[in-house]
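Engineer: Right, I'll just put the structure down here and ask away after.
Read-outs: derived from the displayed coordinates by stated rules, not from any lab. The model shown is predicted, which means the values in this text are computed figures rather than measured ones. Neighbour counts are summed over all protein chains in view; Cβ atoms, including those assigned to glycine, are modelled from backbone coordinates with ideal geometry.
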């Protein structure tokens, strides 16, 4: 990965709480590596001379810079080393998170309306799924394909390490599983993809919130919700898949394959191909969905 530009560093410092002028002045001091007076900081950073001393005072106040006196009338400024600044920011951030985690529930009112938030692309789908995983404290259920599960692995592993009971159903090979991972064996990932019409992703945490979505090529649709009824269905979907696999292990592979492909009741349940994708793609009211696929019925 290439080096970040100074502008990128400034933007990240702003994300961590510095003003634009403070970030520009701090980066100028870091780049100089030697004490600068206010005029030099303004010239190098683009901070207006009329506000540069106010900006430097704020940096000094937050401990990101120090005054260096070279004489009675000469004052320069030098930056706190970047590693020390980042360590301080991390400590401050962690302290704020710990404080808010204790304080916010005390001021929050019971929810009057349950959320159903539409997700219209793969990036937002995975970002919201990561939020759900990160919120898990007791149990976590996931079902999906490697393409969507892999980006979630770091935060899933963190949850697993913190004692969250993690259950995963994976449609495909997973050489590096996390938690209790069950490979989906009822049908191949290719057949499951044809039946569903999309790579279905289900993520549910603590029976309190869930993300349900589908991905086809570069397109994705889905929802985030904290509605208890929808979350319950999402959890039971994954739990039922796991239970079916545990039952299937009691059969010989040949007997189960025969039962799975020839039983009339099972064939009827698998008759509609692509309907999950069509339903997810409808999105908010007023949008259109892909046409319902009639195709072959009950062939896989």
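Engineer: Under a plain spin-label model, where a point goes 7 Å from the Cα along Cα-to-Cβ, how far apart in nm are residue 208 and residue 255?
Structural biologist: Taking the simple label geometry, residue 208 and residue 255 are separated by 4.4 nm.
Engineer: Work out how much length residue 157 to residue 229 would gain on full extension: take 0.36 nm times their residue separation and subtract the Cα-Cα distance, in nm to one decimal.
Structural biologist: Going from the current span to full extension adds 23.2 nm.
Engineer: Please figure out what share of the DSSP beta bridges in segment 116-281 is antiparallel and state it in percent, rounded to the nearest 5.
Structural biologist: In segment 116-281, DSSP labels about 70 percent of beta bridges as antiparallel.
Engineer: What order do you get for 97-106, 222-231 when each peptide is scored by the mean count of other beta carbon atoms within 10 Å, highest first? Write out the running numbers ahead of the final one.
Structural biologist: Working: 97-106: 9.1, 222-231: 18.4.
Top to bottom by mean Cβ count within 10 Å: 222-231, 97-106.
Engineer: Now, a different point. Starting from the Cα of residue 165, step 7 Å toward the Cβ, then list every residue of segment 199-214 with an amide N under 15 Å from that point.
Structural biologist: What the label zone holds, given the 15 Å backbone N cut-off, is 204-208.
Engineer: Moving on. Assuming a ≥ b ≥ c are the square roots of the Cα gyration tensor eigenvalues, decide whether segment 26-124 counts as rounded (a/c under 1.5), prolate (otherwise, with a/b larger than b/c) or oblate.
Structural biologist: Prolate.
Engineer: No solvent, one uniform scatterer per C-alpha: report log10 I(q)/I(0) for segment 6-81 via the Debye equation at q = 0.19 1/Å, two decimals.
Structural biologist: -0.68
Engineer: Turning to a different aspect of this structure: Run the paramagnetic zone check for residue 180: 7 angstrom along Cα to Cβ, then residues of segment 121-146 with backbone nitrogen under 20 Å.
Structural biologist: Label zone hits: 133-134, 136-145.
Engineer: A follow-up question, please. Let me have the relative contact order for segment 6-81, percent, based on Cα pairs under 8 Å that are six or more residues apart. The partial results should precede the final answer.
Structural biologist: Working: 98 pairs, mean separation 22.1, N = 76.
Relative contact order here is 29 percent.
Engineer: Among 258, 143, 79, 5, which comes first, second and so on when ranked by fewest other beta-carbon atoms within 10 Å?
Structural biologist: Fewest to most other Cβ atoms nearby, the residues stand as 5, 258, 79, 143.
Engineer: Report the Cα centroid-to-centroid distance between segment 242-266 and segment 156-221 in angstrom, as an integer.
Structural biologist: Each part's Cα centre sits 21 Å from the other's.
Engineer: Pairs of Cα atoms under 8 Å, at least six residues apart: use those to get the relative contact order of the chain, whole percent.
Structural biologist: Working: 449 pairs, mean separation 40.2, N = 300.
Relative contact order, the chain: 13 percent.
Engineer: Only helical DSSP H runs with n ≥ 4 go in: add -39500 (n - 2.57) per run for the chain, normalise by residue count and round the 222 nm mean residue ellipticity to 500 deg cm²/dmol.
Structural biologist: -15000 deg cm²/dmol
Engineer: Using a 7 Å offset from the Cα along the Cα-to-Cβ direction at both residue 84 and residue 100, what is the distance between the two label points in nm, to one decimal?
Structural biologist: Each label point is offset 7 Å from its Cα along the Cβ direction, giving 2.8 nm.
Engineer: Distance in nm between label sites at residue 268 and residue 7, each 7 Å beyond Cα in the beta-carbon direction?
Structural biologist: Placing both labels 7 Å beyond Cα along the Cβ direction yields 6.4 nm.
Engineer: Once a ≥ b ≥ c are taken as the square roots of the eigenvalues of the Cα gyration tensor of the chain, is the result rounded (a/c under 1.5), prolate (a/b larger than b/c) or oblate (a/b not larger than b/c)? Walk me through the numbers on the way to the answer.
Structural biologist: Values: a/c = 2.88, a/b = 2.70, b/c = 1.07.
Because a/c hits 1.5 or more and a/b exceeds b/c, the chain counts as prolate.
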